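A.B. asks: Take this structure first; my questions come after.
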Amino acid sequence: MKALIIKQPWIDYILEGKKTWEIRGCKTNIRGQIELIQSGSGLVVGSCEIVDCKELTLEDYACNSDKHNIAEITTLPYKRTYAWIIANAKRYNIYRKYKHPQGAIIWVNL
C-alpha cells in the first residue's frame, strides 16, 4: 500500500473533507486507495482515494480555491502545477506507527 506524506494543516483539511485537491509540482499516475501520513509525526492517520490528476493553469488554480484551501493567489506555486484529486477521505480512529525510510518526502511504501 502506498502512503502519501502531507504536512499540517493540509492533512487535516483533507481528512475533514475541506480539501479535495492536493497541489503538487509533479503529476501522479497512482489511482485508488492510499493511506495518509502526517508529516513529521511517524503516524498513518487516515486514507483516501486518488481519483484523477490534472495540470492547472493559473486561472484553474485561482478559481478553485475552495478545493485546495489556498487564498490570495497571484502565481502558481510550481513551474508545472498539478491537482491530485482526492475523494472519500477518512481519519482513522486509531493511528498507527510506521518506519519512515530515509529520503522519503512524498511517498512511502507500507
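A.B. asks: Count the net charge of all other residues whose Cβ sits under 12 Å from the Cβ of GLY42, scoring Lys and Arg as +1 and Asp and Glu as -1. Could the numbers behind the result be given before it?
C.D. replies: Details: positive: ARG96, LYS97, LYS99; negative: none.
Result for the neighbourhood of GLY42: +3.
A.B. asks: Next question, about the same structure. Karplus couplings for segment 36-52 from phi (6.51 cos²θ - 1.76 cosθ + 1.60, θ = phi - 60°), rounded to Hz, Gly and Pro as x?
C.D. replies: In residue order, the calculated couplings are 10, 10, 7, 3, x, 9, x, 10, 8, 10, x, 8, 6, 10, 9, 9, 6 Hz.
A.B. asks: Tell me, what ³J(HN,Hα) does each residue in segment 18-30 have, in order and in whole Hz, if you take phi through Karplus 6.51 cos²θ - 1.76 cosθ + 1.60 with θ = phi - 60° and put x for Gly and Pro?
C.D. replies: 8, 9, 10, 10, 8, 8, 9, x, 9, 8, 10, 9, 6
A.B. asks: Residue by residue, what Karplus-based ³J(HN,Hα) values in Hz, rounded to whole numbers, does segment 84-93 have, using 6.51, -1.76 and 1.60 with θ = phi - 60° and x for Gly and Pro?
C.D. replies: 8, 8, 10, 9, 6, 6, 8, 8, 6, 6
A.B. asks: Additional query: For a 28 Å ceiling on Cα separation, which of these pairs sit above it: LYS67/LYS99; LYS7/LYS90; LYS79/LYS99; LYS7/LYS27?
C.D. replies: LYS67/LYS99; LYS79/LYS99
A.B. asks: Continuing with this model, one more query. Only one of the values (i) 1.04; (ii) 0.96; (iii) 0.93 was calculated from this structure for Rg/Rh (Cα atoms, Kirkwood Rh); name its label.
C.D. replies: (ii)
A.B. asks: Suppose the chain between TYR98 and THR75 were pulled fully straight at 0.36 nm per residue; how much longer would it get relative to their current alpha carbon spacing? Mind showing how you got there, number by number?
C.D. replies: Numbers: separation 23, 0.36 × 23 = 8.28 nm, distance 3.59 nm.
Stretched out fully, the TYR98 to THR75 stretch lengthens by 4.7 nm.
A.B. asks: Could you please rank LYS7, LYS19, placing first whichever residue has the fewest other Cβ atoms within 10 Å of its Cβ? Please list the in-between numbers first.
C.D. replies: On the way: LYS7 9, LYS19 22.
Fewest-to-most ranking of LYS7, LYS19: LYS7, LYS19.
A.B. asks: Order of TRP84, TRP21 from fewest to most other C-beta atoms within 10 Å? Write down the numbers at each step before the final one.
C.D. replies: Numbers: TRP84 21, TRP21 24.
Fewest to most other Cβ atoms nearby, the residues stand as TRP84, TRP21.
A.B. asks: Sum up the charges of everything whose Cβ sits under 14 Å from the Cβ of ILE6, counting Lys and Arg as +1 and Asp and Glu as -1, but leave ILE6 out.
C.D. replies: On the way: positive: LYS2, LYS7, LYS18, LYS19, ARG24, ARG91; negative: ASP12, GLU16, GLU22, GLU35.
Around ILE6, the charge tally is +2.
Every number in this text was worked out from the coordinates using simple rules, so none of it is lab data. Everything quoted here is computed from the prediction, not taken from an experiment. Glycine gets a Cβ as well: all are built from the backbone with ideal geometry, and neighbour counts include every protein chain shown.
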